[in-house]
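Please treat every number below as a calculation from the coordinates, not as lab data. Given the structure is predicted, the values throughout are model-derived calculations rather than measurements. Note that each Cβ is placed from the backbone with ideal geometry, even for glycine, and that neighbours are counted across all protein chains shown.
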């Protein structure tokens, strides 16, 4: 992938259906609000699973998002086995992005294939917030934004135009309840991706298919081999798709060259110098250099206004309280004043706590201290296996 060649084209689409130590930088979200689809159907009291197509004698139709990886490939194979009429589609997010692998998968399965050019939307909703988050001392989560605005924004609208379900290779489950739909964790907790889907609404769940939610990654590999898919042995991608060579170089290529500044302790004493706030996240130990302290130091806070990295002891990285803004709740109402399990990053097992109203957002109080509550990351909330929703961490850090 050529990062230096990133130049978003204008958005266009086809409509022919037939044809760190405690925190990782990769868990990386930004400031955009979730849009309201003005043309989406009104939410009934008990949403029903979408009926596509209208004529019952036709096969159910599904638009399958193909990335060229093993997960989306097996998703397509499973739905084809179940009798769906499929249309493969890939989102091209920047000029020159290769779609050949996705096209090979579609050819192997004998399904039609198309490419949607979404470069302008990707730049607006993912790249620009990604860069701005680092500029303001936050650690973004581009995957959650891409899901909300592109995969379950543009692509879901494209599926609706074809009167089709939208299927993706996410590890999560849509569960029908007596009063509508719920989004649950995948059965394989190791692969569960519900954390990245907190922006979905109940009215959208009836239009989505997540067949991988019932399977483990090992089972998916076996199914790919059994179907003779060209992606069966393809390695898994671990980084954000647009920064395979590292996010620092990507940011600097886009003009984010942040100045040097001070590294200080919690009392404000200068201990050293840093080479730019964008190189750090909460809980990080590496890259701080020799600070003249007898014990290891960790990033406790990033102060963008003062251009300072604040460090402290390991215990000072932990906190129990934070503010949540731009929330999105699957069923519409926040889970106030009742026990919920909160996850502050993808690999976090979660901690029990409660949400209270705080201005336009919420205050979150956890029962136990957790490491590196990082502004810019998503915090999501569960009752048992059910994802209730979430939002962006606005203020976190250690407990005073």
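Side notes on the structure shown:
- Between the C-alpha center of the stretch 183-243 and that of the stretch 272-339 there is a gap of 30 Å.
- Whether the stretch 280-368 is rounded, prolate or oblate, judged on the alpha carbon gyration tensor where a/c under 1.5 counts as rounded: prolate
- Shape class of the stretch 139-208 from the Cα gyration tensor (axes a ≥ b ≥ c, square roots of the eigenvalues): oblate, since a/c reaches 1.5 or more and a/b does not exceed b/c.
- For the stretch 105-186, the average shadow cast by the Cα convex hull is 8.1 nm², which is a quarter of the hull's surface.
- Here r is the Cβ-Cβ distance between residue 336 and residue 219 and R0 is 30 Å; the resulting FRET efficiency, rounded to 0.05, is 0.20.
- Calculated FRET efficiency for the pair residue 189/residue 367, C-beta based, R₀ 25 Å, to 0.05: 0.75
- Extension gain for residue 269 to residue 293 (0.36 nm times residue separation, less C-alpha to C-alpha distance): 7.5 nm.
- Estimated at 0.36 nm per residue, the fully extended path between residue 315 and residue 285 surpasses their Cα-Cα distance by 9.5 nm.
- This ranking places 146, 98 by how few other beta-carbon atoms lie within 10 Å of each, fewest first, which gives 98, 146.
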